[in-house]
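Heads up: the structure comes next, in structure tokens.
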Amino acid sequence: MSPVPGHGLAKGLAVTLRTMTRRSVTHQYPDAAPQLPPRSRGVIGLFEENCTVCMLCARECPDWCIYIDSHKETVPPAAPGGRERSRNVLDRFAIDFSLCMYCGICIEVCPFDALFWSPEFEYAETDIRELTHERDKLREWMWTVPTPPALDPGAEEPKEIAAARKTAEKLAAAQETAAQEGTAQETEPREGDA
Amino acid sequence: MSGTLDVVLRLVAVLVAFLVLPLVVGQTEHKVMAHMQGRLGPMYAGGFHGWAQLVADGVKFAQKEDVVPAGADRRVFQLAPAVSLLPYLLVLIAIPVGPNGLVGQAIDAGLFFVLAVMGVGVLGSIMAGWASANKFSLLGGLRTAAQLMAYELPMLLAAGSVAMAAGTISLPGIVQAFHWWWIPWQLIGGLVFFTAGLAELQRPPFDMPVADSEIIFGAYTEYTGLRFALFLLAEYAGIVVLCALTTVLFLGGWHGPLSGSFGWLWTLVKTALLAFVVIWLRVTYPRLREDQLQKLAWTVLIPLGLAQIALTGIVKVVIS
Amino acid sequence: MTLAAAHPGFMSPSGVEIAFALVGIATLGAALITVTTRQLVHAALWLVVALGGLAIEYLLLTAEFIAWVQVLIYVGSVVVLLLFGLMLTKAPIGRSPDADSGNGWVALTVAVAAAATLVWVVVDAFRSTWIDLGGAAQGSTKVTGAVLFRHWVLPFEALSVLLLAALVGAIVLSRRGAPARRAASAALGALSGRGASSGPGAMSERAAGSERAAVSKRKTGES
Ligand code: SF4
Ligand code: SF4
């Protein structure tokens, strides 16, 4: 219990009064663009050139809202006498955003980096059927995908960069040893270190 | 002839005040409440910070269908909003705004008139609660009636104390008799009066009769459209009346620097400040239970009111 | 009535007198509906009209103070309590078939007799006395107060003793439910500050037994 009766009541009044003098936290959305955090899940963009129509995304999607049609095409051999190759050509790629639950599985699962999250979120429609967006629309959204934010300072290196760096280091080390072997033979070769 | 014209002018002025001031209070409540909760409140209607929000609301209410439930007692149901609104209009007539007869109509027994007529407003809620044929409405009506037993007595005691102090029960007379040291003298009475008044208006923290999270909207659950708007208007008119009355009785009405020419302004400013407090309390405190209000009224407010009367009597005897 | 005809304004009634008569008729009508209607809550609401009409009559007689007290106590409080009580019962919307006690004729006889007595007493007492309401207001607050506390102070105090008795009675009744406290003298307990707090409790306790009481008890509180 507080020493003075009504102490708590006065405290409550002070809290509300103080809040009133502070800036409010309201975002005036349609007038001011919202400040979305990086990796916001607004809509899914498709980078067609990367898509090989492997159908992984469509199969993994929990609610089956990705529709893909394709046909096979035979490509004439690149060099004369070579073998003919067949290739999948995308006919339709659509996502029904009235079903999509923004789980992001399709994007995670795509082995060829063809799907991306875009922060674009203003695509409401008055008819639910119009929420199925075709590849041209998905492609337009591709251009709104922001560059991923920089990693945290102490973060682990991205895998591809780590791999590339290792290769480069190996190469440099090999070259160095080769150069050393060429100039001075007296020292013991120490390949084992590389 | 000029006498009639004078009366008509006064009544028109009161009517205008009755229609405008509650809206002002309502809009203030929108904004103050929003900012106290870290929001902005209405921003669009009217262009500048949503000043016309309540006008827009009024237009909306006017367009809505006026539904009377099939099982309701039609006549009583339709009459109820008027019964709860009109008393406040009548009360406003008797409240003095400035010196030299700046009042709708000076009434000899003004204090009793005001308290009596305000008490009638409760009937509207009870009628609405009973006639709606809805159990939530009925509960709201019951709570309204039960609440009356809590606030009526302390309110009268506090008002009686001022009447004793002033030696008159005419409202302009009371303000006339006011001296600055009345404020500390009648402080307890003022607090009791204001608290009891909040309970009468069913404003948070005493909004059990309309408790929207428990009984939907109490007695007004079944109302739609304009009739519903009338109930809302009655609530805000009630705030205006209560604040103006507290100002007149306990804060010296038009007294203040330059009260000769700006007396009416002082009354309005004091009323507005009190209205702000009403909103402030709403934002700050959670709703009490009906029995908690009864306990508060019977164990705190009434003894305080009686103590105030005793104090008033003693001081009155000493100084005379 | 014929005796009163001698006074100055009876043949050419003034506006106030006409209003008085009209309001009187309306009040009488409302009172009649109050006792004859089969709809319980409507009866209470018509009672409001009748009491309000009475208040207006007081006003027309320049007894302002009495008029407002009438509104304050009867319309504002007593009728609200009445309605509260009605709501606790199963007052239906529409007619209550059992709202007639069957004593209609007896009630009518008593009412007529009482009315006749009152009218006769008043007429006999004043006969053709002409009370001028235009002068100093006889019913104003000041005069009422002075008369009440000078000439009628003894009945006034007697009345307050009656009220006190009623209050103590209510408290005793309301405390009967608490057996632990029954040992203590109820009257003593009533007079020591606790009495006030059990006021509302009394109400909710008496309400018990009716069907909705369970609900109301939760609302109005059993502290
Ligand atoms: S985000 Fe999830 S639900 Fe939406 S399309 Fe991709 S896998 Fe399907
Ligand atoms: S998983 Fe990627 S590559 Fe495969 S079909 Fe889907 S988008 Fe195209």
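The values are calculated or read from the model by the stated rules, or taken from the named source; none is laboratory data. Note that the coordinates shown come from a computational prediction; the quantities given were computed from them, not determined experimentally. Cβ atoms come from the backbone with ideal geometry, glycine included; neighbour counts cover every protein chain shown.
Worth a mention:
- Top-ranked residue in region C:22-42 [being crowded, with 19+ Cβ neighbours inside 10 Å and at pLDDT 85 or above; ranked as farthest from the other protein chains (Cβ to nearest Cβ)]: C:27
- Any hit, region B:134-146, residues being touching a helix residue (DSSP H, G or I) at 6+ places or on another chain (Cβ under 7 Å), farther than 19 Å from residue B:91 by Cβ, more than 8 Å from chain C (Cβ to nearest Cβ) and at pLDDT below 85: no
- Where a residue in region A:108-130 is within 14 Å of chain B (Cβ to nearest Cβ) and its partner, wherever it lies, is part of a loop (DSSP other than H, G, I, E, B) and near ligand 2 (Cβ under 6 Å from one of its atoms), with Cβ under 6 Å and at least six apart: none
- The condition (being away from ligand 1 (no atom under 13 Å from the Cβ) and without any contact (Cβ under 8 Å) to a residue 24 or more places away in the chain) is satisfied by just one residue among A:22, A:92: A:22.
- Residue check, residue A:51 under 25 Å from the mean Cα position of the chain (by Cα) and within 11 Å of ligand 1 (Cβ to nearest atom): no
- Qualifying positions in region C:60-78 - within 19 Å of residue C:25 (Cβ to Cβ) and within 10 Å of chain B (Cβ to nearest Cβ): C:67, C:70
- Tally of residues being more than 15 Å from residue C:43 (Cβ to Cβ), charged (D, E, K, R) and surrounded by 10 or more Cβ atoms within 10 Å (Cβ to Cβ) across region C:87-128: 2
- When restricted to residues that are farther than 18 Å from residue B:296 by Cβ, surrounded by fewer than 24 Cβ atoms within 10 Å (Cβ to Cβ) and touching a Ser or Thr at 6+ places or on another chain (Cβ under 7 Å), region B:125-176 contains 3.
- Set side by side, the residues A:80, A:76, A:146 differ, and just one is within 17 Å of the chain's Cα centre (by Cα) and away from ligand 1 (no atom under 14 Å from the Cβ), which is A:146.
- Yes/no for residue A:100 being within 16 Å of ligand 1 (Cβ to nearest atom) and either in contact with a helix residue (DSSP H, G or I) (Cβ under 7 Å, 6 or more places away or on another chain) or within 28 Å of residue A:160 (Cβ to Cβ) (or both): no
- Residues of region B:249-272 satisfying the condition of being touching a helix residue (DSSP H, G or I) at 6+ places or on another chain (Cβ under 8 Å) and aliphatic (A, V, I, L, M): B:249, B:251, B:272
- On inspection, residue B:4 does not qualify as part of a helix (DSSP H, G or I) and at pLDDT 85 or above.
- Yes/no for residue A:109 being loosely packed, with under 15 Cβ neighbours inside 10 Å, within 16 Å of ligand 2 (Cβ to nearest atom) and under 28 Å from the mean Cα position of the chain (by Cα): no
- One residue from B:218, B:253, B:238 being touching a strand residue (DSSP E or B) at 6+ places or on another chain (Cβ under 8 Å) and buried (at least 22 other Cβ atoms within 10 Å of the Cβ): B:253
- Among the residues making up region B:45-70, a single one is within 14 Å of chain C (Cβ to nearest Cβ) and loosely packed, with under 14 Cβ neighbours inside 10 Å: B:70.
- Yes/no for residue B:244 being within 29 Å of residue B:127 (Cβ to Cβ), surrounded by 22 or more Cβ atoms within 10 Å (Cβ to Cβ) and at pLDDT 85 or above: yes
- Within region A:104-123, the only residue that satisfies the criterion of being among the hydroxyl-bearing types (Ser, Thr, Tyr) and more than 13 Å from ligand 1 (Cβ to nearest atom) is A:123.
- Residue count for region A:1-47, restricted to those that are closer than 30 Å to residue A:103 by Cβ, part of a loop (DSSP other than H, G, I, E, B) and more than 14 Å from every other protein chain (Cβ to nearest Cβ): 11.
- Flag if residue B:101 is within 9 Å of another protein chain (Cβ to nearest Cβ) and at pLDDT below 85: no
- Test: residue in region B:110-129 that is of a type in the set (S, T, N, Q) and not in a helix (DSSP H, G or I): no
- Residue check, residue A:87 more than 30 Å from residue B:205 (Cβ to Cβ), surrounded by fewer than 14 Cβ atoms within 10 Å (Cβ to Cβ) and under 19 Å from the mean Cα position of the chain (by Cα): no
- Condition met for residue A:126 (loosely packed, with under 10 Cβ neighbours inside 10 Å, away from ligand 1 (no atom under 16 Å from the Cβ) and at pLDDT 90 or above): yes
- Filtered residues of region A:48-74 (kept if more than 7 Å from ligand 2 (Cβ to nearest atom), more than 10 Å from residue A:114 (Cβ to Cβ) and outside any strand (DSSP E or B)): A:59, A:60, A:61, A:62, A:63, A:64, A:65
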